[in-house]
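Single-structure report; data block below.
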Amino acid sequence: MIRAYAYLSKNKPHIHKLNITLTFLIFAFCCYQLLANEKVTFGLGLFFVGIMVTLFSKASSYRQKYLSND
């Protein structure tokens, strides 16, 4: 999955930028909802953001190591 996302981010950077933007918007929305409504269920959004940030970082590392010459 990391390798596939690294290729996607290299070949279609606009989709990668959209994914980063959506992840940021989900983070902002969940933080606001956690503060305003104090419902723990919005913490799942923060869990999702953590998974996405991990995916972005590992794909970036893979891309720098193996896809920089292409």
Give me the one-decimal nm value for the distance between modelled label points at residue 39 and residue 65, 7 Å along each residue's Cα-to-Cβ direction. 4.1
Counting helices only, and only those DSSP H runs with n ≥ 4, report the 222 nm mean residue ellipticity of the chain as the sum of -39,500 (n - 2.57) divided by its residues, in deg cm²/dmol to the nearest 500. -29000 deg cm²/dmol
Please state the relative contact order of the chain as a whole percent: Cα pairs under 8 Å, 6+ residues apart? 42
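Would you mind working out the magnitude of the charge dipole of region 2-64 relative to its Cα centre, with +1 at each Lys and Arg C-beta and -1 at each Asp and Glu C-beta, to the nearest 20 Debye?
My answer is approximately 400 debye.
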Span per principal axis, largest first, for the Cα atoms of region 2-64 (Å): 40, 18, 14
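Readers should treat all values here as calculations from the given coordinates under stated rules, not as data from a laboratory. Small disclaimer: the values here were computed from a predicted structure and weren't measured. All Cβ positions, even for glycine, are placed from backbone atoms using ideal geometry, and neighbour counts span all protein chains on display.
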